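All remarks here apply to the structure that follows.
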Amino acid sequence: MKVFIGYISLSGNTEKMAVIIKDRLAACGCEVEMERLDTIEADTLKGYDLVLIGSYTWNKEELPYEAMEFYEELGQADVHGVKAACFGSDDLSYENTYTAIDMLLEKMKDHGAYVYEETLKIHQKTTTYNQIKMCENFADQVLMWGNKRKKWRLFSRRRVLNIPHYVKSASL
């Protein structure tokens, strides 16, 4: 399965999440490409079996300026039929949290993408162990959804290939 992970990160939290997700998907046999959102064009998403987009929320409830061009291109790009999921980090001290993630998810859904409804939203002060576990579980769930496989099939494949359930990911 060909997977693309696009992200924007200011403090490094969203980037760390993207790396953990990438490592997990690669350990499951996926061909994974990862780039910052400000370096890609939205039209390229059509060439992937699964797309994961990560962002932080800027200035309490706005999309980061680095992701604005990508967001605007989504409105004109052909993303119909693309399977997509979103993730990101935010500061829970704000009143409206994770709005950038929700904005990206809604934009993709409005333009025909098949969207995984569960988003991965991590508070930037979550413990390292919990972050890694949440990211790995999210990667597993999105992969199963993207493949439309039942959970037992994925675990059977791991057993045959001798892939452990939890693979050590990049440290945070």
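A few notes on this one:
- In segment 23-43, residue nearest to Asn137 (Cα to Cα) [restricted to those that are touching a residue at least 40 places away in the same chain (Cβ under 8 Å) and not in a loop (DSSP other than H, G, I, E, B)]: Arg24
Residues checked against (1) farther than 22 Å from His111 by Cβ; (2) touching a Gly at 6+ places or on another chain (Cβ under 9 Å); (3) open to solvent by 40 Å² or more (accessible area, probe 1.4 Å):
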position	(1), (2), (3)
Gly12	yes, no, no
Arg24	yes, no, no
Ala27	yes, no, no
Leu50	no, yes, no
Met68	no, no, yes
Val82	no, yes, no
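- Residue within segment 150-170 that is under 21 Å from Gly88 (Cα atoms), open to solvent by less than 40 Å² (accessible area, probe 1.4 Å) and at pLDDT below 90 present: yes
- Contact map, segment 84-106: first residue at pLDDT below 85, second residue part of a strand (DSSP E or B) and loosely packed, with under 15 Cβ neighbours inside 10 Å, Cβ cut-off under 9 Å, separation 6 or more or different chains; pairs are Thr99/Glu62; Ala100/Glu62.
- Residue within segment 3-13 that is under 15 Å from Cys135 (Cα atoms) and in a helix (DSSP H, G or I) present: yes
- Of all the criteria given as (1) in contact (Cβ under 8 Å) with a residue 60 or more places away in the chain; (2) farther than 24 Å from Gln131 by Cα, the one not satisfied by Glu69 is (1).
The values are calculated or read from the model by the stated rules, or taken from the named source; none is laboratory data. Computed from a predicted structure; not experimentally measured. So basically every Cβ, Gly included, is an ideal-geometry build from the backbone, and we count neighbours across all protein chains shown. For the accessible areas, the whole protein counts, side chains as well, though only heavy atoms, and no ligand, DNA or RNA atoms are used. Shrake-Rupley method; radii C 1.70, N 1.55, O 1.52, S 1.80 Å.
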